[in-house]
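Laboratory data are not the source of any read-out in this text; all were calculated from the coordinates shown. Not measured: the values here are computed from a predicted model. Cβ coordinates were reconstructed from backbone atoms using ideal geometry, including for glycine residues, and neighbour counts include every protein chain displayed.
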Amino acid sequence: MGIPNGLLEALKPVTLVVGHYGVGKTNFSVNLAIDLVGQGYEVTLIDLDIVNPYFRASEQRKLLEEHGIDLVAPVFAESGSSLDVPSLTGRIAPAIETAGGNRRVIIDVGGDDAGSVAVGRYARFIEAGDYAMICVLNRYRNLVQAPEDAVENLREIEVASRLKATALVSDAHLKAETTREVVENGVVYAREVADACDLPLVAACVPPCLTKISYDVDLYSLKMYVRSPWE
C-alpha cells in the first residue's frame with residue numbers, strides 16, 4: 001500500500017515525529033523510514049527518544065540496517081543500553097544539514113515537552129532547511145484522550161522544541177483489538193484536534209487487515225515492528 005499521497009506530500013527533507021508518550025511514534029517512524037526506502041529515497045533515522053523512553057528506534061537496528069537505513073542512535077544505545085541518559089551523538093547535526101534531494105531524515109522525538117527539549121538544541125539547523133513536524137495522535141492513550149488535552153500537549157511540545165507542528169496523523173489503536181470503530185473514533189478525535197490547531201490531518205494509521213475499508217481520510221497501513229517484550 002505504501003505511503004498515502006497526503007502524508008507523502010506533508011513530508012519534508014527533515015521530518016520530526018512527535019506526540020505524547022506511548023502513542024506509537026516509534027513504530028510510525030520505523031514504518032515511514034522503511035517505506036521511504038521502498039520509494040527510492042536514502043533515509044537516515046535519528047533516535048532522539050532519550051527521556052523516559054517507552055520504545056526506541058535503536059532497538060530496531062537490525063531491521064533498519066537490513067533495509068539500508070542509516071540509524072543515528074544515542075551514545076549509550078550504541079552499546080546496547082536503554083538508560084534514560086541525554087547522551088547525544090555528534091552525528092545528528094551533520095545528518096540534518098545534509099538532508100535534501102533524495103536524502104531524507106526522520107527524527108523520532110521523545111514524548112511530550114520533556115522529550116522534545118533535545119530537539120531544541122538542533123532547532124537552528126532544522127529551521128535552516130525544509131522541515132515537517134508531524135504529531136501522532138492516539139485517542140486511546142491515557143492523559144490525552146480529550147482533544148483539548150492533545151492540543152495542550154502539542155503546544156508544550158512546540159515550545160520545548162522551538163519548532164512548529166505542520167501536520168497531524170491519527171494512530172488510534174488497541175493493538176490486536178483494533179477495529180474499524182476504533183479507527184473511526186480516532187479520526188473523529190483527530191479532526192477535532194486538527195480544527196483546534198488549524199493543522200491538516202494527513203493520514204489515519206491502520207493495521208493491514210483494515211486497509212480495504214473505506215474511510216474519509218487517507219489510510220497508512222502500519223506493520224507492527226515495535227512490540228512490547230511480552231508480545
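Observations on the structure shown:
- The average projected area of the chain, computed from the convex hull of its Cα atoms over all directions, is 11.3 nm².
- Taking 25 Å as the straight-line reach from the Cα of Lys12, the lysines in range (excluding those fewer than 8 positions away in the same chain) are Lys25, Lys164, Lys223.
- The length gained on full extension between Asp70 and Val159, counted as 0.36 nm times the residue separation minus their Cα-Cα distance, comes to 29.2 nm.
- Förster-model FRET efficiency, 45 Å R0, Gln145 and Val37, C-beta, rounded to 0.05: 0.85
- When each of the peptides 188-198, 206-216, 20-30, 152-162 is scored by how many other beta carbons lie within 10 Å of its residues on average, the order from highest to lowest is 20-30, 152-162, 188-198, 206-216.
- Residue-averaged [θ]222 nm for the chain, counting only DSSP H segments that reach four residues, each worth -39500 (n - 2.57): -10000 deg cm²/dmol
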